[in-house]
Amino acid sequence: MQLTFCKYQATGNDFIMVDNRHDFFPKNDTKTIERLCHRRFGIGADGLILLETDNSTDFRMVYYNADGREGSMCGNGGRCIVAFAKYLGIIDTHCSFVAFDGVHRARISGDVVALQMQDVSQIHVKPKYLFLDTGSPHHVQLWEDWETLDAEKEGKRLRYGLYGEKGSNINFVNPLESGHFEVRTYERGVESETYSCGTGVTAVAIAMHELGRASGSEAILETKGGNLRVCFTKEGAVYSDIWLEGPAEQVFKGSVS
Ligand SMILES: N[C@@H](CCC[C@H](N)C(=O)O)C(=O)O
């Protein structure tokens, strides 16, 4: 059986996209998903995303990390699946879909996708870092010596040393000016630094606002793969109306026999 795949990237975070509306994909086959994501023996990607039918929204998103195991919410992947849904003719310019952490709204204009993220109300502020969940768990830490940062080494150390087997994504932040930051992310389940992480930059934007480094209601996050914009409303202790915006593009369409 031939399976048709598309490959999308969103600021360098790349995903294999599968139209699984007929439910043919081997969802429980961890080894197959891991191999498809392998950058030498497979197509290569940070994750694999299934687009499936849903009774109450335009579609369902099922996300798998590169390790082949089902993951939590993927912000950049969420932006890519909206572009994929548009390509398949399922949606036009606006949509809603259900994912690991609930229903998301999104809009697409050209290759720019804006994705509404879930509200955030629990932010753990520690002496050297913050921890919050934006659909996936994120450690956010300001890093002084930016030029010598080994994000892979430091990220792995914290991911396993502080968060154990369950893990967390690890984000390092270099403030450029108020509301403008450089971000590097070590991603759980990819077990490597990725070019960007959507739930990660969302966590950074909120964490920096909590620290008073982003005075307005939006932030620009510079990642290895490009710039992302996060805007939000804060009322009391709750961050709501959170939107993650940036490019998402199809880079390949093919089949694997
Ligand atoms: N790159 C994703 C994050 C995907 C989930 C993460 N790897 C995890 O397991 O928590 C994003 O753009 O949010």
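Annotation note: Cβ proximity below 7 Å between a residue of region 124-136 that is without any contact (Cβ under 8 Å) to a residue 60 or more places away in the chain and over 17 Å from ALA237 (Cα atoms) and a residue that is open to solvent by less than 80 Å² (accessible area, probe 1.4 Å) and more than 16 Å from the ligand (Cβ to nearest atom) (sequence gap 6+ or interchain) occurs for LYS128/GLN141; TYR129/GLN141. Return the total of residues in region 72-86 being open to solvent by less than 10 Å² (accessible area, probe 1.4 Å), within 11 Å of the ligand (Cβ to nearest atom) and among the small types (Gly, Ala, Ser). Number of matching residues: 3. Across region 1-22, the number of residues qualifying as touching a strand residue (DSSP E or B) at 6+ places or on another chain (Cβ under 7 Å) and more than 16 Å from the ligand (Cβ to nearest atom) comes to 9.
Among the residues of region 28-52, those that are within 20 Å of the chain's Cα centre (by Cα) and either in a loop (DSSP other than H, G, I, E, B) or not assigned by TED's automatic domain parsing to the domain that holds ILE81 (or both) comprise HIS38, ARG39, ILE43, GLY44, ALA45, ASP46. Of all the numbered requirements in (1) open to solvent by less than 10 Å² (accessible area, probe 1.4 Å); (2) aromatic (Phe, Trp, Tyr); (3) closer than 15 Å to LYS253 by Cβ, TYR64 misses one, and that requirement is (3). Across region 1-27, the number of residues qualifying as within 27 Å of GLU245 (Cα to Cα) and either part of a strand (DSSP E or B) or open to solvent by 20 Å² or more (accessible area, probe 1.4 Å) (or both) comes to 15. Does region 174-195 hold any residues that are more than 10 Å from the ligand (Cβ to nearest atom) and crowded, with 23+ Cβ neighbours inside 10 Å, and which are they? Answer for region 174-195, where residues must be more than 10 Å from the ligand (Cβ to nearest atom) and crowded, with 23+ Cβ neighbours inside 10 Å: PHE181, VAL183, ARG184. Checking the structure you have, find out if any residue of region 196-204 is assigned by TED's automatic domain parsing to the domain that holds GLY135, crowded, with 16+ Cβ neighbours inside 10 Å and more than 12 Å from the ligand (Cβ to nearest atom). No, region 196-204 contains no residue that is assigned by TED's automatic domain parsing to the domain that holds GLY135, crowded, with 16+ Cβ neighbours inside 10 Å and more than 12 Å from the ligand (Cβ to nearest atom).
The values are calculated or read from the model by the stated rules, or taken from the named source; none is laboratory data. Note that this is a predicted model, so its numbers are computed, not measured. Positions of Cβ are generated from backbone atoms using ideal geometry, with glycine treated the same way; all protein chains shown enter the neighbour counts. For accessibility, only protein heavy atoms count, side chains too; no ligands or nucleic acids. Shrake-Rupley method; radii C 1.70, N 1.55, O 1.52, S 1.80 Å.
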